[in-house]
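Here is the structure we will look at.
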Amino acid sequence: MSWGAAIFPMTASACLTMALIYGFIWWRERDAWASLLCTLAALGTAALAWTDLALMHPESPAQFASTIRWAQISFCVVILSLAGFVRLYLRAGRTWLLWTVFVLRAPSLLLNLLTGKNHNAVDITTFHPSIFLGESISIPTRIVPNLSMIVGQLSSLVLVGFVLDAANTVWRRGERRLAVTVGGTIAFFVLGAAGQLGLVYSGALPPPATPSLFYLAIIVAMAYELGGEMLRARQLTRDLRTSEQKMALAAEAANLGFWSREFSSNEIWVTDRWRSMFGFTKSEPLQLNDFLQRVHPDDRETIRNMMVRSTQDDGRHIVEYRVQTPDGQTRWLGSEGYLEMDDGNPARLHGLTMDITHRKRAELDAHEHRNEVAHLLRAASLGELSAALAHELSQPLTAILSNAQAAQRILAQEGCELEMIRDILRDIVTDDKRAGEVIHRLKGLLKKGEFNPQPLQANDMIQEALKLMHHELMARNVRVVTELGSELPSIRGDSVQVQQVLINLILNAVDAMAGQAQNARTLTLGSCQLEDNLIRFSVADTGDGIPPGSEEKIFEPYHTTKPRGLGLGLSLSRSIALAHGGLLWVENRRGGGAEFHFTIPEWNAASMLT
């Protein structure tokens, strides 16, 4: 078999093979439109190869003309597929040029199929033998071209212009290899096929015309580019799988579970590690309500509020909550997530979850230990104030006793005055309430209890502390000055713990002024509102101040300057301030002495959720 007889079946077979491959790819991935257009172009080229072979062995002029007309279908499929491929694959090219290709190619096809005339040649009557690549063929003796052929040729030329325009855009975009392999190849061989057809039918070049061979080069270039893309995608897939395995190992080591929620379908994707944290099996279907049912009942409202806030702004959130697994365990989990937007609308929420049970248990143990130490220090502080407290209680108790004895003497007399008895009884009730308030304050400071934040008034806390310290301050000859802010918002605090900090700071201030002259001992307590929704308490003395460089050291545990001090008062006070979301620090005053400040956040809706 000669090359002339074999080359066209080989071309058709190669094109059909590539059409089968990329058609299957499109069937498996319906959004791979470039593969579909490559398949159509390959099928059209395969059909052109058979028409090229048929035109070399015509049985009659009528059969020759009919073959040319039917070949226009293949030309139309190839030209339009190439135009669509360039637009989709290169993501470039002017739209009006693309539509011009479609508009010019459609009339060319209709003129050939509907009129029954040959719109490539006007007159083909006789044939004579010739040789093409060793194959004996029959070619027209004389071809008179039809002027309407120019419509089809124009569509090919516009396609070349469209491809060059797209290639230029891709080149300027920096993808030069793509501009050459796809844009350059298509433009060169489409122009070559159109040029050969024009020269053959105008008589400038002897038959046969072989456009299928030109288009075969284009199909090979398209298959090469798509195949390279598949290889790159496969390599990326392997790299991604390797990266996912490394990430999974890192996540396992860090005890992390990843999750994602799709808002449009309300689907939830989670990793196996995340499922194990909540007690879900690997194959168990998962819905949002299933997740909420595992959350501890006391924390569900917090999670629901978080879910609402996660669709606002950037959606970033951090939340800690408890879950109850089917085996009866209670775990503490911490979650952090961020929101992904699509055209300004929330699309999906991504995040990670960590098991923080061990940390939470350690925090609870530390909190319980701190409460125990705080209770002991409160008892120790009251021990220092025992004389003053005894004096404060003795006054109302002595008054009650005196009034009761006076009432007895009056009742023993004949004709006693009832109004006098009533006055005495009122005095007894007043003194009893006074003693009860003292005892109530003592019980509040001595009781054990968990952290119980409530809305408190900063100035009321200062006044309560001064009432407890009243006789101690008088006994030490300390003058008290208050600089309280007006119309301060409520703070979020535990009343017992806040008073403990104030008493600790007042006792330290009194001790610091022990070496000063009696008329130079001044204690100043203040309150004011700061930025960031904070309220500041201040306790200042007129002692010797803090030695330079010791401003932070004095807050260390067991650091003390008192002969019988434990060194835990300031350390505990700072812990209490931090637990309230504030700070505790000290500054030396210009006129002498030290001034302690501690802050507590305002009471608001946001603080209630934490």
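Please arrange Phe537, Phe214 by counting, for each residue, the other beta carbons lying within 10 Å of its beta carbon, fewest first.
Phe214, Phe537
Put one equal scatterer on each alpha carbon of segment 255-355, apply the Debye formula with no solvent term, and list log10 I(q)/I(0) at q = 0.11, 0.14, 0.15 1/Å to two decimals.
Relative scattering, expressed as log10 I(q)/I(0), comes to -0.31, -0.50, -0.58.
Any idea what the dipole of segment 3-233 comes to, in debye rounded to 20, about its Cα centre with Lys/Arg Cβ at +1 and Asp/Glu Cβ at -1?
620
Long-range amide H contacts for Glu267: which residues qualify at under 5 Å (H placed 1.01 Å from N, peptide plane, sequence gap of 5 or more or a different chain)?
Amide H neighbours of Glu267, under 5 Å, 5+ apart: Glu262.
Between Asn266 and Arg359, what is the FRET efficiency for a Förster distance of 35 Å, r being their Cβ-Cβ separation, to the nearest 0.05?
Calculated value: 0.65.
Provide Lys467, Lys282, Lys360 in ascending order of the number of other Cβ atoms located within 10 Å of each residue's Cβ, fewest first. All intermediate terms of the calculation are to be shown ahead of the outcome.
Values: Lys467 13, Lys282 7, Lys360 16.
Result, fewest neighbours first: Lys282, Lys467, Lys360.
Going by how many other beta carbons lie within 10 Å of each one, how would you line up Arg590, Arg348, fewest first?
Arranged by neighbour count, lowest to highest, Arg590, Arg348 become Arg590, Arg348.
Bear in mind these aren't lab numbers, they're just calculated from the coordinates by the rules spelled out. Quick caveat: nothing in here was measured; it's all calculated off a predicted structure. Because the Cβ atoms are built from the backbone with ideal geometry, glycine has one as well, and the counts that use them run over all protein chains shown.
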